[in-house]
Amino acid sequence: MAITQAMCTSFKKELLEGTHNIKNSGGSTFKLALFTSSATLGAATTAYATTNEATGSGYSAGGANLTRVDPSSSGTTALTDFADLTFSTASVTANGALIYNSSASDKAVIVLAFGGDKTSTAGDFTIQFPAADASNAIIRIA
């Protein structure tokens with residue numbers, strides 16, 4: 001079992017089919033769910049499922065809604081991002097996360113691998129997204 005960071009292959013195809021609307025106003029609802037080291041997630045992940053999802057106080061199954069940042073471009077790269085997400089006063093351990101589109105049958109978008117277990121004990125568990133630029137944004141198409 002492993003969590004491998006990747007943009008899900010199904011998401012790439014679904015972008016071309018118009019399944020995902022990432023615009024801030026009127027767009028789809030995207031969520032982030034946390035997973036334990038027992039999860040198997042990677043490029044082949046196609047949808048959110050509860051198998052090996054993290055549990056604990058301050059964290060609910062299915063995760064939490066993400067706040068979208070409108071897509072933009074820089075040079076020849078299109079990009080978008082999400083605002084940082086905090087699970088407040090959480091007691092949870094996670095090894096990775098899945099961003100998924102809850103407006104489109106929970107279709108998978110991106111798998112995030114934390115590089116090991118991350119734990120909070122009655123504190124904030126924060127997912128900090130990289131800078132929204134052509135080199136670092138969480139979703140970029142070059």
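We did not get these values from a lab; they are worked out from the coordinates using the rules stated. None of these values were measured; they are calculated from a predicted model. Please note: Cβ atoms are built from the backbone with ideal geometry, for glycine as well, and neighbour counts cover all protein chains shown.
Below is a table of values for the structure above.
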item	result
Residue (of TYR59, THR4, ILE127) at the positive-pole extreme of the chain, dipole from beta-carbon charges	THR4
Distance between modelled label sites at SER28 and ALA43, nm, 7 Å Cα→Cβ extension	2.0 nm
Rounded if a/c under 1.5, otherwise prolate or oblate - region 1-75, Cα gyration tensor axes	oblate
Karplus-derived HN-Hα couplings along region 24-34 (A = 6.51, B = -1.76, C = 1.60, θ = phi - 60°), whole Hz, x at Gly and Pro	5, 8, x, x, 5, 9, 10, 10, 10, 10, 9
Spacing of the two label points (7 Å from each Cα toward its C-beta) at THR77 and ASN136, in nm	1.1 nm
Rounded to the nearest 20 debye, dipole of region 6-142 from Cβ charges on Lys, Arg, Asp, Glu	220 debye
Karplus-derived HN-Hα couplings along region 119-128 (A = 6.51, B = -1.76, C = 1.60, θ = phi - 60°), whole Hz, x at Gly and Pro	10, 10, 10, 6, x, 7, 10, 10, 9, 9
